[in-house]
Amino acid sequence: MKKRLSFVLLAGSLILSLTGCKNAIPEMSEENMDLVTEYAAGLLLKYDANYQPMLLDDEKIVAEEEARQKVLEEAERRAALEAEKAAKKEKEQSERENGGSGEGQEEVPAGPVNIAQFLELEQVSVSCNGIEFKDTYPDSGDDLFFALNASPGCRLAIVHLTLTNTGGSDANIDIFNKEPRFKLSVNGGEYHNTMTTLLENDFSVYAGTLAPGQTVDTVLVADIKEEECSQASEAGLSIRYNGETVKTPVYFQ
């Protein structure tokens with residue numbers, strides 16, 4: 001600070017010495033004198049090797065940018081961790097739904113499940129009446145307006161489920177709004193999602209009213225690779241509803 005003050009005083013003395021010669025330098029106003037003094041002081045400070053300026057605005061900007069970058073990097077790190085956790089959770093859930101093998105091979109459930117009770121269907125029973133394999137479904141009918149075709153190299157696996165009103169009054173059935181999920185495994189292979197179709201008797205989205213004692217044949221359809229369907233001897237149906245999953249065997253016709 002003392003050195004800077006001496007620079008300013010030196011600059012002032014230079015200006016005074018210059019203004020003392022009226023023939024060389026024209027007479028200046030007080031304002032001009034202040035400007036020249038300020039310029040001279042800055043010039044002296046510029047060439048002083050020992051002078052260290054205060055933190056410049058550019059340096060502040062750099063510091064702030066570095067801090068902001070650190071915040072962004074931390075946010076990205078945490079986002080990556082959250083994504084990893086979500087992927088791990090999804091994988092574990094998928095393995096639980098598929099029996100926990102993690103290799104796509106499933107065991108057929110040992111015993112049947114009360115599907116109606118699991119799906120909370122009142123005064124209604126659900127019986128599984130076998131599975132069949134077709135290239136097209138349905139393949140006949142005078143009022144046929146919609147049909148499913150198997151994908152190349154696949155066959156349609158059709159699981160027949162019969163709904164029966166076991167009560168003494170009309171039974172209103174609305175499986176559609178329950179939003180269950182169904183998967184089918186054949187010959188111990190991986191579980192495949194069943195198809196959501198426009199069939200009137202699609203069990204996964206069935207909605208209707210049954211009179212006492214009335215029955216209706218419904219189906220679940222899955223597109224299964226042909227090699228899995230070849231010489232099929234066993235099948236299993238996975239049902240997920242209200243956060244829980246059960247598996248039940250499907251018997252062949």
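A short reminder: the numbers here are calculations on the coordinates, not readings from a lab. All figures in this text were calculated on a predicted structure; none of them were measured in a lab. Every residue, glycine among them, receives a Cβ derived from its backbone with ideal geometry; neighbour counts consider all protein chains shown.
Laid out as a table, the results:
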| quantity | calculated |
| --- | --- |
| Amide H contacts of residue 148 (H built 1.01 Å from N, under 5 Å, at least 5 apart or other chain) | 137 |
| Proxy reagent accessibility, fewest Cβ within 10 Å first, across 61, 158 | 61, 158 |
| 139, 223 arranged by Cβ crowding within 10 Å, fewest neighbours leading | 139, 223 |
| Neighbour-count ranking [beta-carbon atoms within 10 angstrom, fewest first] of 169, 204 | 169, 204 |
